[in-house]
Amino acid sequence: MTTARRVLVTGGAGFIGANFVRYWSDHYPDDRLVVLDALTYAGNLANLASVSDRGNYKFVHGNILDEAMLDDVMRQQQIDTIVHFAAESHVDRSIHEPDAFIQTNVVGTNKLLMAARRLWLDSDAAPETHLFHHVSTDEVYGTLGADDPPFTEHTTYAPNSPYAASKAASDHLVRSYHHTFGLQVTTSNCSNNYGPFQFPEKLIPLMIVNALTGKPLPVYGDGSNIRDWLYVEDHCRGIDLVMNKGQVGGTYNIGGNNEWRNIDIVNQLCVSIDAAFSRDDRLAGQFPDAPAASGRKTESLITFVKDRLGHDWRYAIDATLAQSELGYNPKEDFASGFQLTLNWMLQNENWWRAVMDGSYRDWISKNYSAGA
Ligand code: NAD
Ligand code: TDX
C-alpha cells in the first residue's frame, strides 16, 4: 500500500488500540486516522493524548453495535481500511458476565463487517481498494500440555472461556465474509501483550500497581500456568506487516517466543521493583506503602488465591509463518520489554491512579452522554 489510507481503528482508546494508533501515526503520518470507541471501562481518552492534536485525526464516541452510526462514519470519513480491536478483553469478566462478550465481540464484529460490506462491496461510493484487519488472540486454540507443540495457524479451534469462544466466533465471521462476499480481510492471532496503558486488571500492570501500593499480589492456583508474552509495540509491528504484506484472506499467528510461568513472572517483577527502589531513593518517598520503601522484599506480598474457573494451562505461539512470509520478529525480549513497562508505570503514576480510583471516567461523563 503506498497511497494515503483512511483508517478506522475500533477500540482505539483501549490498551493495544491506543498503542497501535500511536505506532501508525508515527509510521504513516499521511494516513487519516479515525478512532471509534464506546469508552467502556477499558477505554480511556488519556491513552490517546499524544495523538489528539495530530492533524488528520478524529475521535468518534460510538458503539460498534450501532449500525446507523457505523454507516455514517464509514461514508463521511470515506474509510478504506478497518483495524478492528474493539472487544471485551478480560477472561475473568467473561466468566462472571459473558453476555457483553457475545454482544461486542460477536454481534458487534458482525455489524462492523456488514457496514464494511455495504460501503465497500455494495455501494457506488466504494473505495478502489479496501482491507478489514481483525485483531484476535491465541486463546481461540484452547490450552496446551507441557510437551505439545505451540499453536500454528492450523491448530484446531478449541476455545475454553466465554471470552475465547466469542473471539473464535468473530474470527469465523471474518473468514466467512471473505469466502462468501469477497471482503478483503486479514486476521492476526496474538499471544499475551504487556506494555504502557494496559488496564490494571491484567496480570502485569495489576501486579506492578499492587506492589507499589503495598497490596497482595494474587497468583491464581499454584502459579504454574504458562503464557507467551509479547511487548505491545511488537504486536503493532506484526499487525502492520500482516496488513501490508499478508495474504488477503489469511491468518497469522504473532507471538513472542517467550513462555513464562505466572509465578516466575511475578517473582521477576518483585526482583525488578526491589532493584528499582535500591537504585533510586526518591521511589521510597513516592510509594511509601511499597514494601521496598522500607527495605522489605516485594515478594512478601505474593498470595496464592483460588484458581480461575476453566483456567487454560499453557499458551504458546508458533510464529514461523509470519517470520518466513512477512519478516516478522519481535524486537524486545522479556527483560527489555518488562523494564520499559515498569519504567512507564513508575513515571505515569497519575495515569494508573486515575484508572484505579475511577476519576478517568469523570471527563468522559462530563463530555459524552451515557450509553453511546
Ligand atoms: P482493552 O479491553 O484494553 O480495550 C478494548 C477497547 O474496546 C476499549 O477502548 C473499549 O472501550 C472498546 N470497546 C469495547 N466494546 C466496544 C464496543 N461495543 N464498541 C466500541 N468500542 C468498544 O483490550 P486490549 O487488551 O487492548 O485488546 C484489544 C484487542 O486485542 C481485543 O480484540 C483483544 O481480543 C485482542 N487481543 C488482546 C491481547 C492482550 O493480551 N491484551 C492479546 C491478543 C489479542
Ligand atoms: O490477578 C491475577 N492473577 C493471576 O494469576 C490475574 C489478573 C491473572 N493471573 C493469571 C491468569 C493467567 O494465567 O495470569 C495469567 C494472565 O492473566 P491475564 O492478564 O488475565 O491474561 P489472559 O487471561 O492470559 O488473557 C490475555 O491474553 C490473551 C488477555 O487478557 C486477552 O485479551 C488476550 O486475548
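The values are calculated or read from the model by the stated rules, or taken from the named source; none is laboratory data. Predicted, not measured: the structure shown is a model, and the values here were computed from it. Glycine also receives a Cβ, built like all others from the backbone with ideal geometry; neighbour counts cover every protein chain displayed.
A few remarks follow.
- A count restricted to the range 173-220 and to residues that are among the β-branched types (Val, Ile, Thr), part of a helix (DSSP H, G or I) and farther than 20 Å from residue 81 by Cβ stands at 5.
- Scan of the range 147-195 for residues that are within 11 Å of ligand 2 (Cβ to nearest atom), polar (S, T, N, Q) and crowded, with 21+ Cβ neighbours inside 10 Å, ordered by number: 161, 166, 189, 191, 192, 193
- Residue match in the range 281-289 (condition: aliphatic (A, V, I, L, M), out of contact with any helix residue (DSSP H, G or I) (no Cβ under 8 Å at 6 or more places or on another chain) and either within 16 Å of ligand 2 (Cβ to nearest atom) or not in a loop (DSSP other than H, G, I, E, B) (or both)): no
- Whenever a residue of the range 5-16 is on the phi > 0 side of the Ramachandran plot and near ligand 1 (Cβ under 10 Å from one of its atoms), its partners that are part of a loop (DSSP other than H, G, I, E, B) and among the small types (Gly, Ala, Ser), lying with C-beta atoms within less than 7 angstrom and at least six residues away or across chains, give the pairs 11/86; 11/87.
- Residues that are closer than 25 Å to residue 152 by Cβ and near ligand 1 (Cβ under 9 Å from one of its atoms), drawn from the range 189-226: 189, 190, 191, 192, 193, 194
- Among the conditions (1) more than 22 Å from residue 239 (Cα to Cα); (2) among the acidic types (Asp, Glu); (3) within 16 Å of ligand 2 (Cβ to nearest atom), the only one that residue 88 does not satisfy is (1).
- Take the conditions (1) surrounded by fewer than 22 Cβ atoms within 10 Å (Cβ to Cβ); (2) in contact (Cβ under 8 Å) with a residue 12 or more places away in the chain; (3) part of a loop (DSSP other than H, G, I, E, B); (4) more than 12 Å from ligand 2 (Cβ to nearest atom); residue 243 misses just one of them, which is (3).
- Residues of the range 201-240 classified as over 20 Å from the mean Cα position of the chain (by Cα), within 9 Å of ligand 2 (Cβ to nearest atom) and charged (D, E, K, R), total: 0
- Among the residues of the range 17-33, the ones that are surrounded by fewer than 24 Cβ atoms within 10 Å (Cβ to Cβ) and not aromatic (Phe, Trp, Tyr) come to 9 in all.
- Within the range 312-340, considering residues that are part of a loop (DSSP other than H, G, I, E, B) and more than 16 Å from ligand 1 (Cβ to nearest atom), the one modelled with the lowest pLDDT: 333
- For first residues located in the range 120-144 and farther than 16 Å from residue 163 by Cα and assigned to a loop (DSSP other than H, G, I, E, B), partners that are of a type in the set (Gly, Ala, Ser) and within 16 Å of ligand 1 (Cβ to nearest atom) and lie 6+ apart or on another chain with Cβ distances below 9 Å form the pairs 130/116; 144/316.
- Near pairs, Cβ below 7 angstrom, 6+ apart or cross-chain, from the range 64-87 (part of a helix (DSSP H, G or I)) to any residue that is away from ligand 2 (no atom under 16 Å from the Cβ) and of a type in the set (D, E, K, R): 67/111; 70/111; 71/118
- Check on residue 93, of a type in the set (Lys, Arg), within 15 Å of the chain's Cα centre (by Cα) and within 26 Å of residue 202 (Cα to Cα): no
- Selection count, the range 41-61, where residues are part of a loop (DSSP other than H, G, I, E, B) and surrounded by fewer than 18 Cβ atoms within 10 Å (Cβ to Cβ): 6
- Here the range 157-172 is the region considered, the condition is being more than 13 Å from ligand 1 (Cβ to nearest atom) and not in a helix (DSSP H, G or I), and the residue that is farthest from residue 118 (Cα to Cα) is 160.
- Of residues in the range 268-301 being acidic (Asp, Glu) and surrounded by 14 or more Cβ atoms within 10 Å (Cβ to Cβ), the one nearest to residue 343 (Cα to Cα): 274
- Every test in (1) surrounded by 15 or more Cβ atoms within 10 Å (Cβ to Cβ); (2) touching a helix residue (DSSP H, G or I) at 6+ places or on another chain (Cβ under 9 Å); (3) assigned to a helix (DSSP H, G or I) is passed by residue 343 save one, and that test is (1).
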